[in-house]
Amino acid sequence: MENLKNIVPNEDFNWDSYEKGETPAKDKNVEELTKTYDETLNTVKDKEVVIGTVTAMNKREVVVNIGFKSDGVVPMSEFRYDPDLKVGNQVEVYIENQEDKKGQLILSHKKARASRSWDRVNEALEKDEIIKGFVKCRTKGGMIVDVFGIEAFLPGSQIDVKPIRDYDVFVGKTMEFKIVKINQDFKNVVVSHKALIEAELEQQKKEIISRLEKGQVLEGTVKNITSYGVFVDLGGVDGLIHITDLSWGRVSHPEEIVQLDQKVNVVILDFDDEKKRIALGLKQLTPHPWDALDANLKVSDRVKGKVVVMADYGAFVEIAPGVEGLIHVSEMSWTQHLRSAQDFMKVGDDVEAVILTLDRDERKMSLGIKQLKPDPWENIEERFPIGSTHKAKVCNFTNFGVFVEIEEGVDGLIHISDLSWTKKIKHPSEFTSIGAEIEVQVLDIDKENRRLSLGHKQLGENPWDVFETVFTVGSVHDGTIIEMMDKGAVISLPYGVEGFATPKHLVKEDGSQARLDEKLQFKVIEFNKEARRIILSHSRIFEDEQKAIKKEGEGKAKGFRKESAVVTPTMEKTTLGDIEELAALKEKMEGEGEGEVEVEVTE
């Protein structure tokens, strides 16, 4: 009761209004309190971007205070690009709605980023700023990265300084990037993670290269394998082992020697300070195979090996790991008709050969396999004596003859004049063909130049001995023009022989010129047995007849003047010359006026 005595009623309270249910007017204190409360809250508008503070967060949501009467909630998924987000961080949010049906403030961080993203992207490129981005997924040639709410492209070559074999390990990660290119027209953005570490690596390379020395042995990791060599990471700087420096033996592909991520010891062969190129060697760390080659091996010894490389000019044979010898194509066969080495052997063949030259200082060796067979020219006079006949294979033509091979390594030449007794051959291809078989007779042996002189026509009798009695000068024969030239024509005569007639001897009796394929009679006007030449004339036939008739007519006219006026000639056949003689005689007698002349012609 004592406490109740201390209670003092509010004298200003209007009990009448209270009983009537009327709301009392706000007093001065209430108005001030309300004013103070309103001033402490931010005035916000829908569709506006503001800065807020993270006050709480869980796996699903982030609570953001923007100074409004209530806090807003943003899905955590909109912050997945920033795994370092924590309470107290300031973030941009976009006010979608000040109050939904539940009176909740609706915010969006994603839309806030998007509304200012293009300006931020351009600003980052201009200032060469390092930004964060979220790798969303793979795409052709690279990755898609979320940067300020914009999907940017990260090329595969810009992910790291090392080649990336598995892009999927980067999906879902937040990484730092630099913007390297923007297409303002298409709103395309290209970013790079590699650019962030290149500058640092460049400095590391300079430091590493400054400490390098030729001949220095270092440990590295196989970073990349190409068809021409292997790139090795030496701890911040790369060097190249060329394929030829991987092994002393032949290497078809570097994968035969090393594998990716393999640790290898390499020796520095050379380096370039300016271009940052380092040449490395792997085989140089092992002894050269030539140093281990049998010291007793010498020229003329036989060796066995495997063909490792083929070329048109020869084959390389490995007789020991890293020790090769060349078999030139000329040492594969005794034949002098050089062919491609592939005609004799192929890669992988096991061969036996003879050492022809051996230079241990230069590490070179030449081999031969034809030396395993006897030289066919050693006893050539015994096997192919002069006058002997053989079958040969046509190998090649020249304008002056035919090259043939009687057996491997034994070649000969048939001169064009020794192909036929009768035919005038301009080129050997008119007589035979490459690869054809032809019978030959040995005419001469040139052992020094390893060449036989051969003949084909000598296998038959010389028909010109007979032709000499048949085609005598002045004899007439049927012939056919088989070729026309400016200088004359070639005439085919009986017995397969040919003659020649100049244009003036091809004029026919009617004055026209003889034509190709025309068959006429020809008179022999020259026969040369040694030169095998017959000169013919068609014109000479009727020219000689006319001369004979004219000469005969002149002789008869002289006889008539000595005889009586009456002449009774008896002829077996009236000829053109007879008629001309009679006409001339009659004309003469009429001119002299000696009376009538009686002519009797008896058939």
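For this structure, a couple of remarks:
- For region 453-498, the solvent-accessible area with a 1.4 angstrom probe is 51 square angstrom per residue.
- The calculated FRET efficiency for the pair residue 549 and residue 389, based on their C-beta separation and a Förster distance of 51 Å, comes to about 0.40.
- At R0 = 41 Å, FRET efficiency that the Cβ-Cβ distance of residue 495 and residue 396 yields, to 0.05: 0.80
- Extension gain for the segment residue 138 to residue 221, taken as residue separation times 0.36 nm less the Cα-Cα distance, is 27.1 nm to one decimal.
- Sorting 397-405, 302-310 by average packing, meaning the other beta carbons within 10 Å per residue, from highest down gives 397-405, 302-310.
- Out-of-range pairs (alpha-carbon distance over 22 Å; input 132/181; 283/364; 110/194; 173/205; 86/132; 457/504): 110/194; 173/205; 457/504
- Integer Hz, Karplus 6.51/-1.76/1.60 couplings in order for region 131-140, x for Gly and Pro: 10, 9, x, 10, 6, 7, 6, 7, 8, 5
- Only protein atoms count toward the accessible area here, which uses a 1.4 Å probe; on region 237-292, the carbon and sulfur part of that area reaches 45 percent.
- Distance (nanometres) between label positions extended 7 Å along Cα→Cβ at residue 89 and residue 294: 7.6 nm
- Accessible surface of region 79-138, 1.4 Å probe, proportion on carbon and sulfur as whole %: 44 percent
- Distance between region 54-96 and region 268-327 - C-alpha centres, whole angstrom: 69 Å
- For region 173-218, the solvent-accessible area works out to 65 Å² per residue, with a probe of 1.4 Å and every protein chain left in place.
- Charged-residue dipole, Cβ positions (Lys, Arg, Asp, Glu), region 254-396 about Cα centre, Debye nearest 20: 400 debye
- Note on residue 531 and residue 96: the extension gain reaches 144.8 nm, defined as 0.36 nm multiplied by sequence separation minus the Cα-Cα distance.
- Expressed to the nearest 5 percent, the antiparallel share of DSSP beta bridges inside region 123-275 is 95 percent.
- Carbon and sulfur %, accessible surface of region 436-550 computed with the full protein complex present, 1.4 Å: 46 percent
- Taking label points 7 Å from Cα along the Cα-to-Cβ direction, residue 542 and residue 509 give a separation of 0.6 nm.
- Extension gain, residue 253 to residue 482: 0.36 nm times the residue separation minus the Cα-Cα distance gives 75.9 nm.
- Applying Stokes-Einstein at 10 °C and 1.306 mPa s to the Kirkwood radius of region 56-162, computed over alpha-carbon pairs, gives a translational diffusion coefficient of 102 µm² s⁻¹.
- DSSP beta bridge pairing in region 208-308, given as percent antiparallel to the nearest 5: 90 percent
The values are calculated or read from the model by the stated rules, or taken from the named source; none is laboratory data. Because the structure is predicted, anything quoted here is derived from the model rather than measured. With ideal geometry, Cβ positions are generated from the backbone for all residues, glycine too; neighbour counts draw on all protein chains shown. Remember, those area values only see protein heavy atoms, side chains included, never the ligands or the DNA or RNA. Shrake-Rupley method; radii C 1.70, N 1.55, O 1.52, S 1.80 Å.
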